[in-house]
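The values are calculated or read from the model by the stated rules, or taken from the named source; none is laboratory data. On a predicted model such as this, the values are computed, not experimentally measured, just so you know. Because the Cβ atoms are built from the backbone with ideal geometry, glycine has one as well, and the counts that use them run over all protein chains shown.
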Amino acid sequence: MSEIVSKDLHPLEKTLLNWLSEHGSGSDMEALKGTGMDEGSYRRAFQWLLSREMASVISSEKTVTVEFGPVGAVYIEKGTTPELALLEAVGNGISSLPEIQKNELFEKAQWGSAMGALLKARILKKSSEGLLLNDPSGGVFSALWSSVYSPVSQGETIYLSELDEKVAAEVLNRAPKRGKSRAEFVINETTSSVIGITPLGREALEGAKGKTTIGILTREILASGEWKNGSFRRYQVDIPPSRIHIGRFHPYAMFLDSVRDKLQAMGFQEMKGSLAESEFWNNDALFMPQFHPARDIHDAYYLEDGVEVAPPSRKLGDKVRETHENGGNTGGRGWEYTFEWDRSLKAIMRSQGTALSARTLGSNPDIPGKYFGIAKCFRYDQVDATHLPDFFQVEGIVLGEEINMRHLLGLLKLFATEIAGATEYKFVPAYFPFTEPSVELHVKHPVLGWFEMGGAGLFRREVCEPMGIDVPVIAWGLGLDRMALLALGLSDIRDLLNPDLARLREMKSTPEKLLGGADNA
Amino acid sequence: MPKIEIPLKDFLPLAEMDNTENLEKLLESLKAELDGLNEETVKIELNDTNRPDLWTAEGVARGLRCWKNGAESHLDSMADPAVHIDVHSGLKEMRPFIAAFTADGWTVDEDGLASLITAQEKIASSFGKERKTAAIGFYPLDGISFPVSYGTSSPETRFRPLGEETEMTLSEVLEKTEAGLKYAGLLSDFKEYPVLRDSSGAVLSFPPVLNSHATGRVVSGDSRLFCEVTGTDWHTVNLTATILACNLEDRGAVICPVEIRYPDGEVTVTPVLYRDTLTAGFKEITGVIGTDADELDIEALLSKMDYREIEVGEDSVTAVMPPYRRDGIHPRDLMEDIVIAMGLNNMEPILPSEYTVGSASSVEILACSVKSLLVGAGCEEIMRPILTSFDKISIRTRTPEPPIRISNPMTAEYGVVSNTLLPALLEVESSSGHAAFPHRLFTVGEVLCRIDSSLCHTQMNLAVSTGDGDFGAVHSILGIICHLRGLDLSLKPLDDSRFIPGRSAAILINGEEVGILGEFHPGVLESWGIAVPVAGFELPLESLRV
């Protein structure tokens, strides 16, 4: 080991060892100045030597120095502090705060707090004639100027420990840890060490004498052939790499893409829609009665007055109205109430992805056909660990002459295993206004346990008939949030859309593991 | 969704169950979930908003009994009405409908009383729209002399409301009692108020607010009850009364109907025996459930769901829903009950056999191509919510075009819909001063824009920004994307409030003005608390389509 080590001193290490060997030991500052290195190089060289036991710390001492904060810097520029300026003003016969506050050298509040400080320190006093000088010397405030402001502005280093006790206390008082932008002073704590060379260091230095070692291999060294006469400094290869930041996709976007890929692979075509919908497409076309509790104002976001989305054709609107009012041509009796067309046209933020499916049904879909949509939806919820103001849902429909409940269950089973990686699943009867029969898919996840993954069902005739669809349509909607959290190893849904780049950079990137079977869980 | 809490010592005997084993599974057939269970009580959440009959202990218990034993009879042997209620004119605009019955022979105990109160609360609040379309009153029958009259009375009418120490006028009830304050809104448009009196003139109640203390106080030990439901919707009022009658019958009471005489001469006997009659062809049933209907014992299946008069014919079945249900609006509803009775988990899942070709939407394919280039250019993708604040878009970022506002925002923080993505990137910059620089960010997402003064439309935008980067930094990112996609990029000077004058430009792609690029104004950076120079551009993704 020592054989290898001694031969392979970095030029910086060599410089520092040389200096140490000459001086035996010295302080940080002396070594830095003596070697002529920049501070970064010096620190690196020293840390390397320390880790290789070629140098040692003989003693170390913490020093606390005082520098100007932004406010202090302004005072230096003005040549005085509010306290001293106030003392001077009082000396010149000004005797009330409002009077001095007319002076724009400092802000009103600064004058005010200066007066407070001076009164508290009994340097000023209030009398029937107004403000009077009690201690013309200015006490601690003059001392602050002479022992801190002046020397620091001259570039001198002021050690807190060397200040008068009262002055030091005042300095600390004016150097808040928080809100540094309003600080008069900034306290700098540094540790200075006395370092020395070890026998191993001397040995290494001895061994390295007279040799040319090549550090970075440069074009010049290659061109000149100089490398033929020297040896290469061995790198310390077991240190961690420096962190670089690369371009990459957002992990949540990759998750959504993997859902998209999976559904494409199953033969689904993607649907796209509008963020803002009419109540017609969001609700009415889905046979949700206009008096349905889920349609109350608190469940959907309404757009400001005067903003509209394109209305549906009146012909389709009338069919949907009739279906609501009396069942229309569906063979049912409808919801038996008076449908309001104005309500239909109200613009809301899409509250359910099923609005996409409704639009697809209304625009001559392929039969047989399979469609899916990954849609931003908006619900009137308080934002917390499990609710975002907007979130993604994945929706889908399958149309076909022969399509029935068992196909729906077959697809749900596939989603449970292929998308959620579930080990067990079950179907539970459910209620949705637009499907009958309706079913919920519950899955047992190896980590999450049982949870509801989504709702599904056969679209009612009351949904299909007005759109001119006369084949069965199965429809499903899966919640993606919980799966996304799990796939990305998060516990708070807000982390999916976090604005903190440093945290985003910590999120792992393993898209191949985001979805799928139990072997990925 | 309504949730109810029932003492087990009341519930288990009603449901004819020995213990709560399997309860969770059994509840699935009622679209209900076990929401909590301890040694004394069970909490149940009911998910079917069309089945108010299930929102009571009696309803859930009945469903479970029928699942096990088959259909039961309901209100099948009621006598003719012995008493009547006169409805007076003047209620038409206010609260026109009433239904009532008497229940004799079940002695109210503590749990039974609690159950009546649950029914009153759950059904009247949710199904009855906070007592507007239906409100419920129970009374000890023996203190009431018939006929009862349902009419209007002046706000100065006095009576002692249930739970109050003294007599009050109707106006005082609305102003001073808890129930009065809660439901006063239902009566605010009227000069007189609805009042129920018996033949002696005594006030029985002030619907939909409070019963009278003298005649409207049911206590443990009462065994003869009078029940009425008033409201603004005919079917809601009547179905509520029928549900309550079935519930009390299940507890052992004999239900006697009451005749309602309306001012226009119409006479109704309540409770109304609803009979939603549904017919479904075997072919349709087979088409929906995917199993040959001929192979099913449809009669037994429907009986489990408490259907009656089940007639299985050659190629169709006709059956009548029990009187407490009115959600059979299409034959499909009958098929669903067959499916539930079969058990969804007993149906064999199969996959559709028809071959279809999958595809992503063209805008997502485009997004994928462009995003890959941006990642190659070293940009990190950002995702932020679409709802945001006016402050972020218009005040801090100084976006010239105002975003569309939400008229009922939850908070101002999410009070508008994004019409631009640049503020989201600035927000990330302002939260990421501690993250190593440089920052090259991009986001692709939907925004909502106005097309003209009123119409809005959704488009997918792309925005890119560089933190600690200048005009040239973003320009070169846009440049390489256009170059690699074979698009002709040029910039045309264009001052914009977001950017430093002279350092922003309209983006022209193949000669067409599509977006904006520039170096953010220090005032914008200051308002976001960003300490580094930031430049950015934004354009609709479609403008990068070749």
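Numerical summary
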read-out: Single residue of A:GLU277, A:GLU322 found to be part of a strand (DSSP E or B) and either over 45 Å from the mean Cα position of the chain (by Cα) or within 12 Å of chain B (Cβ to nearest Cβ) (or both); value: A:GLU277
read-out: Residue check, B:TYR324 facing chain A (nearest Cβ under 7 Å), on the phi < 0 side of the Ramachandran plot, under 27 Å from the mean Cα position of the chain (by Cα) and hydroxyl-bearing (Ser, Thr, Tyr); value: no
read-out: Residue in the stretch B:478-496 that is part of a loop (DSSP other than H, G, I, E, B) and under 47 Å from the mean Cα position of the chain (by Cα) present; value: yes
read-out: Hey, A:ILE239 more than 7 Å from chain B (Cβ to nearest Cβ), of a type outside the set (Gly, Ala, Ser) and closer than 30 Å to A:HIS10 by Cβ or not; value: yes
read-out: Residue selected from the stretch A:416-465 under the condition of a type in the set (Phe, Trp, Tyr) and within 11 Å of chain B (Cβ to nearest Cβ), by the criterion surrounded by the most Cβ atoms within 10 Å (Cβ to Cβ); value: A:PHE459
read-out: Residue count, the stretch A:280-306 (criterion: among the charged types (D, E, K, R), over 31 Å from the mean Cα position of the chain (by Cα), surrounded by fewer than 24 Cβ atoms within 10 Å (Cβ to Cβ) and more than 8 Å from every other protein chain (Cβ to nearest Cβ)); value: 2
read-out: Qualifying helices (runs of 4 or more DSSP H) (wholly inside the stretch A:148-223; at least 1 residues being hydrophobic (A, V, I, L, M, F, W, C) and within 42 Å of the chain's Cα centre (by Cα)); value: A:150-153, A:165-173
read-out: Candidate set from the stretch B:370-386 (those that are more than 7 Å from chain A (Cβ to nearest Cβ) and touching a residue at least 60 places away in the same chain (Cβ under 8 Å)); member that is farthest from the chain's Cα centre (by Cα); value: B:LEU373
read-out: Total residues in the stretch A:357-408, condition over 24 Å from the mean Cα position of the chain (by Cα) and more than 10 Å from chain B (Cβ to nearest Cβ); value: 13
read-out: Selection within the stretch B:35-68 - of a type in the set (Gly, Ala, Ser) and over 27 Å from A:THR435 (Cβ atoms); value: B:GLY36, B:ALA57, B:ALA61
read-out: Selection status of B:LEU462, assigned to a strand (DSSP E or B), of a type outside the set (Ser, Thr, Tyr) and at pLDDT 95 or above; value: yes
read-out: B:LEU334, sole failed condition from (1) farther than 26 Å from A:GLU440 by Cα; (2) touching a strand residue (DSSP E or B) at 6+ places or on another chain (Cβ under 6 Å); (3) within 13 Å of chain A (Cβ to nearest Cβ); value: (1)
read-out: Search result, residues across the stretch B:391-412 that are outside any loop (DSSP other than H, G, I, E, B), of a type outside the set (A, V, I, L, M, F, W, C) and more than 8 Å from chain A (Cβ to nearest Cβ); value: B:ASP391, B:LYS392, B:SER394, B:ARG396
read-out: Search result, residues across the stretch B:430-442 that are facing another protein chain (nearest Cβ under 8 Å) and not small (Gly, Ala, Ser); value: B:HIS434, B:HIS439, B:ARG440, B:LEU441
read-out: Residue within the stretch B:344-351 that is without any contact (Cβ under 8 Å) to a residue 12 or more places away in the chain, more than 7 Å from every other protein chain (Cβ to nearest Cβ), in a helix (DSSP H, G or I) and out of contact with any strand residue (DSSP E or B) (no Cβ under 9 Å at 6 or more places or on another chain) present; value: yes
read-out: So A:ALA276, is it closer than 27 Å to A:ASN498 by Cβ, free of Cβ contacts under 8 Å to residues at least 12 places away in the same chain, among the hydrophobic types (A, V, I, L, M, F, W, C) and surrounded by 12 or more Cβ atoms within 10 Å (Cβ to Cβ); value: no
read-out: First in the stretch A:134-148 and farther than 21 Å from A:GLY93 by Cβ, second anywhere and at pLDDT 85 or above and of a type in the set (S, T, N, Q), Cβ under 8 Å, 6 or more apart; value: A:LEU144/A:THR81; A:TRP145/A:THR80; A:TRP145/A:THR81
read-out: Some residue of the stretch A:145-165 being surrounded by 14 or more Cβ atoms within 10 Å (Cβ to Cβ), farther than 30 Å from A:SER27 by Cα and not assigned by TED's automatic domain parsing to the domain that holds A:ASP28; value: yes
